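The values are calculated or read from the model by the stated rules, or taken from the named source; none is laboratory data. Just so it is clear, the structure is predicted and the values come from calculations on it, not from any experiment. Using ideal geometry, Cβ is built from the backbone for each residue, glycine included, and neighbour counts are taken over all protein chains shown.
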Amino acid sequence: MKMHSRLIGIVVGLVGGFGASIVATASVPGIHKVKDVIIYQDDRFHSAFPSVVKRPDGELLVAFRRAPNRLLWGEDHNNHVDPNSYMVMVRSSDGENFTAEPELIHANNWGGSQDPCMLQLRDGTILCFSYGWTFVRPDGVPNLKPPVRNVGYNAIFNGGYYLRSEDGGQNWQGPMRAPHIEPELLLDPFGEPITAYNRGAAVEGKDGRLFWVAAATDRISPHRTSTHLLISEDKGLSWEYSTPVAADEDVTFNEASIYETPKGDLVAFLRTANFEDQACIARSTDGGKTFEPWQGMGWQGHPLHALRLPDNRVLLVYGYRHAPRGIRARVLNAECTDYATAAEIVLRDDGTTSDLGYPWSVMLDDKRVLVTYYMNVDGGLPHIAGTILALN
């Protein structure tokens, strides 16, 4: 079944030419681009990996990862791992104008943090998932208890955690640690099993349960990750392992977002490696007890975020790191079954380098969507930007 799923994606990709269905937003029924906006930009900082929620009172919160711009200190590049990488947040009442000075969400005691992924529950509680690294001096790295993962610059992966706010992000409780899951083989710098982690959107189901897809290193060398479903029945205070979402002998899966359809299917949108940069999909029709075999969607782009529109169609947004680089989207039907044939929409194609993407969307009102992402143009430093779309 795995080979069958893989061939579906490859055949669709060959037929579609990996982007032959690209169209302008004006050509997609019921949707068009209004404008691009800058959400946060400061040349002293490398800013990336946003998520966004809309509060019950209409206020928008955009969280992102911010680290020093090390070019200012004579270094030759910025990294996605940095000991001074913190989670911060800006606010807006209209989706176009944002607070200038970010608020600190969290600075981790043990190193840098990555991708703050927010989930707002129906009762207004906000969960913010993240993960990070501990930086160990070169003389200490060989003495760590194996297996650890050194992702470069002596940055040792230390797993995931999450925060919780009940007052609109004014105060955050935590960090709280999700459980270790059995497929995970790595240890953290303290010699303890890595806790569950992921970059991507979790979802609150119609029955009140929370669904979160975590990644796990299930092979050390060559490094490979698979994805697995965790479920919370107490609004994120605790989590239980449910089932594998996507695993393969050759293909790596990570950075997954999960979405619940009107019918109640759980649909995971997956980033891959060793699969021609194709986006993949996996579906559960039994409330997260099992997932059907994963399938390639036949086109490139990652990672992905799904937003339900007022008419129950789904806006699927993703970064595109091939020329012309930028941000793209597709509008799927309510059950996300037409992913192979939905036209590709180009929101931005003016990116200079591949250090961009990671879009995350929210409804501004019944007629407009804000797509947030990080962007670089004209060789400049990555910053947090957005695109406003109008629904006809």
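The residues of region 227-251 that are aliphatic (A, V, I, L, M) and under 20 Å from residue 265 (Cα atoms), listed by number, are 229, 230, 231, 245, 246, 247.
The conditions of being over 21 Å from residue 211 (Cα atoms), in contact with a helix residue (DSSP H, G or I) (Cβ under 9 Å, 6 or more places away or on another chain), part of a loop (DSSP other than H, G, I, E, B) and not acidic (Asp, Glu) are not met by residue 352. Return the residues of region 364-375 that are over 18 Å from the mean Cα position of the chain (by Cα) and free of Cβ contacts under 8 Å to residues at least 60 places away in the same chain; say none if nothing qualifies. 365, 366, 367 - these are the residues of region 364-375 that are over 18 Å from the mean Cα position of the chain (by Cα) and free of Cβ contacts under 8 Å to residues at least 60 places away in the same chain. Any residue that is more than 23 Å from residue 118 (Cβ to Cβ), more than 15 Å from the chain's Cα centre (by Cα), surrounded by fewer than 22 Cβ atoms within 10 Å (Cβ to Cβ) and of a type in the set (Asp, Glu) - is there at least one of those in region 203-214? No, because not a single residue in region 203-214 is more than 23 Å from residue 118 (Cβ to Cβ), more than 15 Å from the chain's Cα centre (by Cα), surrounded by fewer than 22 Cβ atoms within 10 Å (Cβ to Cβ) and of a type in the set (Asp, Glu). When 240, 255 are checked against the criterion of being among the acidic types (Asp, Glu) and touching a Gly at 6+ places or on another chain (Cβ under 8 Å), 255 stands alone in meeting it. Scanning region 59-107 for residues being under 18 Å from residue 151 (Cα atoms) and of a type in the set (S, T, N, Q) gives a total of 4. On the stretch given as region 169-183, residues that are part of a loop (DSSP other than H, G, I, E, B) and crowded, with 17+ Cβ neighbours inside 10 Å total 6.
Please determine whether any residue of region 236-245 is surrounded by fewer than 16 Cβ atoms within 10 Å (Cβ to Cβ) and outside any loop (DSSP other than H, G, I, E, B).
There is at least one residue in region 236-245 that is surrounded by fewer than 16 Cβ atoms within 10 Å (Cβ to Cβ) and outside any loop (DSSP other than H, G, I, E, B).
Looking across 162, 153, 197, one residue alone is in contact (Cβ under 8 Å) with a residue 60 or more places away in the chain, out of contact with any Leu (no Cβ under 9 Å at 6 or more places or on another chain) and surrounded by 22 or more Cβ atoms within 10 Å (Cβ to Cβ). It is 197. Filtering region 65-114 to residues that are at positive phi and of a type in the set (Asp, Glu) leaves nothing.
A quick yes/no check of all residues on (1) touching a residue at least 24 places away in the same chain (Cβ under 8 Å); (2) surrounded by fewer than 21 Cβ atoms within 10 Å (Cβ to Cβ); (3) over 21 Å from residue 371 (Cβ atoms); (4) more than 20 Å from the chain's Cα centre (by Cα):
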site: 84; (1), (2), (3), (4): yes, yes, yes, yes
site: 87; (1), (2), (3), (4): yes, no, no, no
site: 96; (1), (2), (3), (4): yes, yes, no, yes
site: 103; (1), (2), (3), (4): yes, yes, yes, yes
site: 109; (1), (2), (3), (4): no, yes, yes, yes
site: 118; (1), (2), (3), (4): yes, no, no, no
site: 122; (1), (2), (3), (4): yes, yes, yes, yes
site: 125; (1), (2), (3), (4): yes, yes, yes, no
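Among the residues of region 248-268, those that are part of a strand (DSSP E or B) and within 16 Å of residue 338 (Cβ to Cβ) comprise 259, 267.
When residue 364 is tested against (1) part of a strand (DSSP E or B); (2) in contact with a Gly (Cβ under 6 Å, 6 or more places away or on another chain); (3) farther than 25 Å from residue 93 by Cα; (4) not polar (S, T, N, Q), exactly one condition is not met: (3). Only one entry of 324, 310, 382 meets the criterion of being within 21 Å of the chain's Cα centre (by Cα) and either modelled with pLDDT of 95 or more or under 22 Å from residue 281 (Cα atoms) (or both), and that entry is 382. Looking at region 43-60, can you tell me whether even one residue there is of a type in the set (D, E, K, R), at negative phi and surrounded by 17 or more Cβ atoms within 10 Å (Cβ to Cβ)? Yes; the residues of region 43-60 include at least one that is of a type in the set (D, E, K, R), at negative phi and surrounded by 17 or more Cβ atoms within 10 Å (Cβ to Cβ). The single residue among 323, 390, 385 that is of a type in the set (Gly, Ala, Ser) and without any contact (Cβ under 8 Å) to a residue 12 or more places away in the chain turns out to be 323. Checking 79, 84 one by one, the residue that is at pLDDT below 95, assigned to a loop (DSSP other than H, G, I, E, B) and polar (S, T, N, Q) is 79 and no other.
Looking at 288, 296, 301 in this structure, which one is small (Gly, Ala, Ser) and closer than 21 Å to residue 119 by Cα?
Step by step, each of 288, 296, 301 is checked, and only 288 is small (Gly, Ala, Ser) and closer than 21 Å to residue 119 by Cα.
Could you please let me know if residue 160 is within 26 Å of residue 59 (Cβ to Cβ), within 21 Å of the chain's Cα centre (by Cα) and either not aromatic (Phe, Trp, Tyr) or not in a strand (DSSP E or B) (or both)? It is false that residue 160 is within 26 Å of residue 59 (Cβ to Cβ), within 21 Å of the chain's Cα centre (by Cα) and either not aromatic (Phe, Trp, Tyr) or not in a strand (DSSP E or B) (or both).
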